[in-house]
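Structure first, commentary second.
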Amino acid sequence: MANEHGEWIMYGVDDNDPYCLHTVNDAINYINEIGFLPLFKNEVPGFSLEERTVSRYWWSGIPAVDPWEWRIVIASSEKIAYGKFFDKKAGFISLEWLPYFVNYRRDGYDFDALWDEGKAQFRQKKIMDCFLDKNEYYSHRLKQDAGFGKGGEKNFEGTVTDLQMMTYLCVKDFRQKLNKQHLPYGWPLSVYTTPEILWGRELVTSAYGEEPCVSRDRIFNHIREKYGAADEKQILSLLK
């Protein structure tokens, strides 16, 4: 997706294109096959869900064909990690590849160790501490309980994005708020959790045994193998 002369342009494929993903199950299978995939078009040509789907179906509100709706199904399935993992933008990572992203992005540190070493920000700790007592948080409640907002800490969205890029947080679902009668209303909001809560520490940290630079190279070489037209600068812009 790009803004050209004030107009948002989607880069998709035709219905009859052999590379077109027609259903959410097609998308899930493709993500698991390719290993990881940004949601929108980026520096690497062809490397996005956007470029594998029909552009006119986006934001149509028809779950069967709308890739924007698919991201909710995929996140809530808990079979693929979803969050802002690619250049601070949304995307998917299969559970096979998640440990390598975790090892690379965390540089081998659990968050507590990162904090103890003085490598984490206080705002990040305030957010992560919320998950010591709860397994999930609506975005608006996390902002409130972590002390952001009026008179409190600043840059909640940026801090949560950074924590996703570092793989300490991910999105497990999108849900509407509930009113006093416990009826849903409004737009669906992100529901955050940690990868360890969703899939267990054993899986999430299973690549800690290799050097983070080895995990980085593994991811880099996988993109280059699958998308040979991409150059080093394009790939690193996504992975930094």
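The values are calculated or read from the model by the stated rules, or taken from the named source; none is laboratory data. Given the structure is predicted, the values throughout are model-derived calculations rather than measurements. Using ideal geometry, Cβ is built from the backbone for each residue, glycine included, and neighbour counts are taken over all protein chains shown. For the accessible areas, the whole protein counts, side chains as well, though only heavy atoms, and no ligand, DNA or RNA atoms are used. Shrake-Rupley method; radii C 1.70, N 1.55, O 1.52, S 1.80 Å.
A few remarks follow.
- For the chain, a Gaussian network of Cα nodes joined below 10 Å ranks Pro45, Pro195, Pro99 by mean-square fluctuation, and the top entry is Pro45.
- Dimensionless Rg ratio for the range 55-165, taking C-alpha atoms and the 2.2 N^0.38 Å reference: 1.22
- The range 41-111 - charge dipole about Cα centre, Lys and Arg +1 at Cβ, Asp and Glu -1, debye rounded to 20: 120 debye
- Distance from the Cα centroid of the range 157-173 to that of the range 195-220 is 16 Å (rounded to whole angstrom).
- Accessible area of His22 in the full protein assembly, 1.4 Å probe (Å², nearest 10): 80 Å²
- Unsatisfied cross-links (Cα-Cα over 26 Å) in the set Lys41/Lys143; Lys79/Lys177; Lys79/Lys154; Lys41/Lys233: Lys41/Lys143; Lys79/Lys154
- Percent carbon-and-sulfur accessible area, the range 1-140, ignoring ligands, DNA and RNA, probe 1.4 Å: 48 percent
- Summarising the amide proton neighbourhood of Leu49: residues at separation of 5 or more, or on other chains, whose placed amide H is nearer than 5 Å comprise Leu39, Phe40.
- Nonpolar atom fraction for the range 151-220, defined as the carbon and sulfur part of the 1.4 Å probe accessible area, stands at 54 percent.
- Note on Arg141 and Ile9: with the Förster distance fixed at 35 Å, the Cβ-Cβ geometry gives a FRET efficiency of about 0.50.
- Averaged per residue, the range 27-98 has 39 square angstrom of accessible surface, using a 1.4 angstrom probe with ligands and nucleic acids left out.
- Each peptide among 8-21, 102-115, 202-215, 161-174 gets the average number of other Cβ atoms lying within 10 Å of its residues, and from highest to lowest they stand as 161-174, 102-115, 202-215, 8-21.
- Rounded accessible area of Glu33 (nearest 10 Å², 1.4 Å probe): 130 Å²
- Where the alpha-carbon atoms of the chain are placed on the principal axes, they occupy 51, 51, 37 Å, in descending order.
- Helical content of the chain, expressed as a calculated mean residue ellipticity at 222 nm, amounts to -11000 deg cm²/dmol (DSSP H runs of 4 or more residues, -39,500 (n - 2.57) each, divided by residue number, nearest 500).
- Surface analysis of the range 140-223 yields an accessible area of 54 Å² per residue, using protein heavy atoms and a 1.4 Å probe.
- Compared with the direct C-alpha span, the chain from Asn29 to Asn221 gains 67.0 nm at full extension, assuming 0.36 nm per residue.
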